[in-house]
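Asker: Could you have a look at this structure, given as structure tokens, before my questions?
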Amino acid sequence: MLKLKLFGSARPGGNLRSKGDEARDRRDWRAAADLYRRHLEEEPGDAAIWVQLGHCLKELGRRDEAEQAYLRALALEPQNADTCIQLGHVEKLNGRPEQALAWYRKALAVDPASEPARHEITITTELLRQDVSAGSGASDLDERIAAAVEKRIAALADQIGAIRAVAVELQRLRRNVEGLDGRVAQLQASAASAEAAQVATRDAHAERLSALEARTPAAQHGFPALLSQLSELNAHRNEIELCRSRIEAVEKTIEGTGH
């Protein structure tokens, strides 16, 4: 199973490794193999890249070299079921289904949940059973193994197509999220502006309230004095009215006397 590396390494050979991944993704197996070898010269303990090198060599038809690369990876990570499966694929391509079946069984022993290993065991066991019952020759077995491999490749192609469709949908969703992020940023800016205006209005009201509160004690202190002055003014006005009435009465008396 091809393991795609999503992120480059930050280690010294990381640049060679990432370039190898790029060459592999565009199916330039020869360039990828060369870059992976150069990376492994610097970091021979990178088991994952030994597996990737094995993939490239297998695609180039150099199965013996691919087998050696997978064995190096397995030596570094003995409990890697996928590497055992890859070794089984090489044995199957070389027309050795019994050895392939042994590797698939080892993969299942390492990882009992491995569906690829279980699937390959079923296919290979059935091919061997048919070969024994029919007494067919090695060439016929090779043809059936090749047919099974082609079927497996077709299934993988379908899976890759589905993965690419998911990737396209993820890109669309990512663009939508970016658009939403922009809208959220605008709303946040508007909210910040509204909040600033609200704070300014609140501060202005608070300032006016403080001024009124500062004036209130003085006004309250002067209010009794104003009431007292108003009472005195009313008393004087009453006295004035009384005097006016008396004067008017005197004037009327004088007028009557004169007649």
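Asker: Could you go through the range 104-112 in sequence order and give the Karplus-derived ³J(HN,Hα) for each residue, using 6.51 cos²θ - 1.76 cosθ + 1.60 with θ = phi - 60°, rounded to whole Hz, and x for Gly and Pro?
Answerer: 5, 5, 5, 4, 5, 5, 5, 9, x
Asker: Cβ neighbours within 10 Å, averaged per peptide: list 100-106, 244-250 in order, most packed at the top. Mind dumping the intermediate values first?
Answerer: Numbers: 100-106: 21.9, 244-250: 10.0.
The most tightly packed comes first, giving 100-106, 244-250.
Asker: Residue by residue through the range 62-73, what is 3J(HN,Hα) from phi via Karplus (6.51 cos²θ - 1.76 cosθ + 1.60, θ = phi - 60°)? Round to whole Hz and write x for glycine and proline.
Answerer: Per residue, the Karplus-derived 3J(HN,Hα) values read 9, 5, 5, 5, 4, 4, 5, 5, 5, 5, 4, 5 Hz.
Asker: Could you derive backbone 3J(HN,Hα) for the range 28-44 from the dihedral phi with the Karplus parameters 6.51, -1.76 and 1.60 (θ = phi - 60°), listing whole Hz in sequence and x where the residue is Gly or Pro?
Answerer: So the Karplus estimates, Gly and Pro as x, are 8, 4, 5, 5, 4, 4, 5, 5, 5, 4, 5, 4, 5, 5, 8, 9, x Hz.
Read the figures in this text as sums done on the coordinates, not as results from a lab. Bear in mind the structure is a predicted one, so any value in this text is a computation, not a measurement. Cβ atoms come from the backbone with ideal geometry, glycine included; neighbour counts cover every protein chain shown.
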